[in-house]
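Just below is one structure, and these are the notes that go with it.
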Amino acid sequence: MSALLSVKNLQKSFGEVTVADASSFDVAQGEVVGILGPNGAGKTSLFNLITGALRADRGTIQFNGRDITKLPAAVRCKMGVARSFQIPQPFVGMTVFENALVGATQGAGLRGREAEAVALDVLTQTGLGDKANMRAGALSLLERKRLELARALSAKPKLLLLDEIAGGLTDAECGALIETIKRIHASGTTIIWIEHVVHALMAVAERLIVIDFGRKIAEGEPRAIMDSAEVKEIYLGIDADG
């Protein structure tokens with residue numbers, strides 16, 4: 001499979017704090033890649049660099065064969081890069097449908113009935129069809145996380161970035177979310193998923209990347225990565241020689 005996303009030697013620092021330290025990796029078309037790391041490892045900063053919310057100090061980001069390193073976030077979104085946020089950020093005064101419609105119009109550039117059809121289809125896909133006319137501010141945590149997902153999907157992304165979307169959910173809610181993400185992947189969407197709920201990530205991801213202090217420390221098949229002594233020490237707090 002060809003690389004949909006290619007990150008090469010990405011560097012970003014805020015004074016003495018480095019959030020991306022020569023990061024390099026590729027993501028193939030149709031792949032699901034999970035990203036693990038302790039709090040403060042630079043995971044969300046990496047998403048911010050990919051989406052254009054942050055500008056890299058050095059390095060390059062190529063998406064779908066084009067260098068997007070210096071392109072603004074809105075342009076990257078229209079090219080097919082969409083994301084959810086760790087803390088759901090719905091437009092609370094708008095309905096669930098209107099939130100999804102924002103993704104279809106501002107992200108995918110659709111208008112009229114086409115935009116409405118995409119928004120409604122995505123709400124059905126994410127289990128929010130019966131909540132379409134509810135104010136987003138009245139949703140539960142699971143529903144808000146589903147709305148984050150729906151709004152991103154309404155932008156018709158080629159690459160979907162999920163930031164800790166399973167956090168704070170019950171086991172049953174997490175299981176339902178996993179099934180939704182599996183269906184999204186089956187439709188052909190490429191996914192990069194940051195997650196602390198490891199069993200959720202293991203249920204979907206085909207490859208794991210582990211980062212610490214902005215640097216990639218491990219990459220490979222999920223079970224092999226989780227069995228790595230270095231990963232256990234850095235991510236799980238288990239001594240490598242224990």
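The values are calculated or read from the model by the stated rules, or taken from the named source; none is laboratory data. Note that the structure is predicted; figures quoted are calculated from it, not measured. Note that we place each Cβ from the backbone using ideal geometry, even for glycine, and neighbour counts take in every protein chain shown.
When the residues of segment 123-160 are narrowed to those that are under 17 Å from G109 (Cα atoms) and small (G, A, S), which ends up nearest to the chain's Cα centre (by Cα)?
Here the answer is A152.
Condition check ((1) part of a strand (DSSP E or B); (2) of a type in the set (D, E); (3) in the same structural domain as A205 (by TED's automatic domain parsing); (4) surrounded by fewer than 19 Cβ atoms within 10 Å (Cβ to Cβ)) across all residues:
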{"residue": "I35", "(1), (2), (3), (4)": "yes, no, yes, no"}
{"residue": "L46", "(1), (2), (3), (4)": "no, no, yes, no"}
{"residue": "K70", "(1), (2), (3), (4)": "no, no, yes, yes"}
{"residue": "R76", "(1), (2), (3), (4)": "no, no, yes, no"}
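Search segment 194-215 for residues that are in the same structural domain as E179 (by TED's automatic domain parsing) and acidic (D, E) and pair each with any residue that is part of a strand (DSSP E or B) and at pLDDT 90 or above when their beta-carbon atoms are under 6 Å apart and the residues are at least 6 apart or on different chains.
Short answer, once both residue conditions are applied: E206/V32.
Please work out which one of (1) more than 24 Å from A176 (Cβ to Cβ); (2) in contact with a Gly (Cβ under 7 Å, 6 or more places away or on another chain); (3) among the β-branched types (V, I, T) is the condition T60 fails and give its number.
It is condition (2) that T60 fails.
Look through L169, L141 and report the one residue that is in the same structural domain as R76 (by TED's automatic domain parsing), of a type in the set (A, V, I, L, M) and within 25 Å of N48 (Cβ to Cβ). Show your work before the answer.
On the way: L141 fails: in the same structural domain as R76 (by TED's automatic domain parsing).
Exactly one residue qualifies, and that residue is L169.
So, in segment 1-33, exactly how many residues are surrounded by fewer than 19 Cβ atoms within 10 Å (Cβ to Cβ) and part of a strand (DSSP E or B)?
Total satisfying the criteria: 14.
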